[in-house]
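Read the structure below first, then the notes.
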């Protein structure tokens with residue numbers, strides 16, 4: 001009888017330990033998915049910011065330049081040079097938009113240490129999104145500001 005009580009106690013302890021380890025495993029997988037989504041989104045934002053063609057000084061305040069497949073944009077011709085990111089965009093796992101902020105042109109901020117009589121500046125907001133929730137890989141969105149110096153002619 002005593003052995004049976006000890007056996008039941010050990011069984012309950014083992015079952016509890018297994019559930020706890022499964023919960024820990026799910027938490028680790030979720031954290032890994034969140035981190036991978038954050039890195040992918042930041043990689044797309046970095047690729048857009050690194051390419052001067054991604055922030056064209058066209059249109060007025062509110063002009064939106066997007067990757068293919070994004071609705072509500074003035075232009076869907078935003079391209080990315082990275083082949084892996086382009087493949088993710090084609091599969092609708094990632095998307096990006098670059099919005100022209102106002103005023104249309106402004107003097108460059110003093111911290112840029114550029115000549116006010118030689119340059120004006122245009123500002124943009126880059127928003128990138130990674131969404132693979134349906135695959136269990138997470139969702140993330142990154143928003144960054146970009147300042148572009150424009151030579152005066």
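Return only the number of the condition from (1) loosely packed, with under 14 Cβ neighbours inside 10 Å; (2) part of a loop (DSSP other than H, G, I, E, B); (3) within 19 Å of the chain's Cα centre (by Cα) that residue 84 does not satisfy.
Here residue 84 clears every test but (2).
For every residue, the table says whether it meets (1) free of Cβ contacts under 8 Å to residues at least 40 places away in the same chain; (2) in contact with a strand residue (DSSP E or B) (Cβ under 7 Å, 6 or more places away or on another chain); (3) under 30 Å from residue 126 (Cβ atoms); (4) in a helix (DSSP H, G or I).
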site	(1), (2), (3), (4)
3	yes, no, no, yes
9	yes, no, no, yes
12	yes, no, no, yes
16	yes, no, no, yes
19	yes, no, no, yes
27	yes, no, no, yes
35	yes, no, yes, yes
40	no, yes, yes, yes
53	yes, no, yes, yes
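Can you say whether residue 47 is surrounded by 10 or more Cβ atoms within 10 Å (Cβ to Cβ), in contact (Cβ under 8 Å) with a residue 40 or more places away in the chain and part of a helix (DSSP H, G or I), as far as the supplied structure shows? Break it down stepwise before answering.
On the way: surrounded by 10 or more Cβ atoms within 10 Å (Cβ to Cβ): yes; in contact (Cβ under 8 Å) with a residue 40 or more places away in the chain: no; part of a helix (DSSP H, G or I): yes.
When the stated conditions are applied, residue 47 does not pass them.
For residue 55, which of the numbered conditions (1) closer than 17 Å to residue 144 by Cβ; (2) surrounded by fewer than 19 Cβ atoms within 10 Å (Cβ to Cβ); (3) modelled with pLDDT under 90 fails to hold?
Result: residue 55 passes all but (2).
I need the full set of residues from segment 106-153 which are at pLDDT 75 or above, exposed (fewer than 14 other Cβ atoms within 10 Å of the Cβ) and assigned to a loop (DSSP other than H, G, I, E, B), in order please.
Within segment 106-153, 118, 136, 152 meet the criteria.
Please state which of the following conditions residue 95 fails to meet, knowing it meets all the rest: (1) in a helix (DSSP H, G or I); (2) more than 24 Å from residue 151 (Cα to Cα).
Unmet for residue 95, out of (1) in a helix (DSSP H, G or I); (2) more than 24 Å from residue 151 (Cα to Cα): (1).
State whether one or more residues within segment 68-75 are surrounded by 14 or more Cβ atoms within 10 Å (Cβ to Cβ) and assigned to a strand (DSSP E or B).
At the first step, the residues of segment 68-75 found to be surrounded by 14 or more Cβ atoms within 10 Å (Cβ to Cβ) are 68, 70, 73-74.
From what is left, the residues that are assigned to a strand (DSSP E or B) are none.
No, there is no match, as no residue in segment 68-75 is surrounded by 14 or more Cβ atoms within 10 Å (Cβ to Cβ) and assigned to a strand (DSSP E or B).
The values are calculated or read from the model by the stated rules, or taken from the named source; none is laboratory data. Since the model is a prediction, treat every value here as computed from it, not as a measurement. For neighbour counting, all protein chains shown are included, and Cβ atoms are generated from backbone atoms with ideal geometry for every residue, glycine included.
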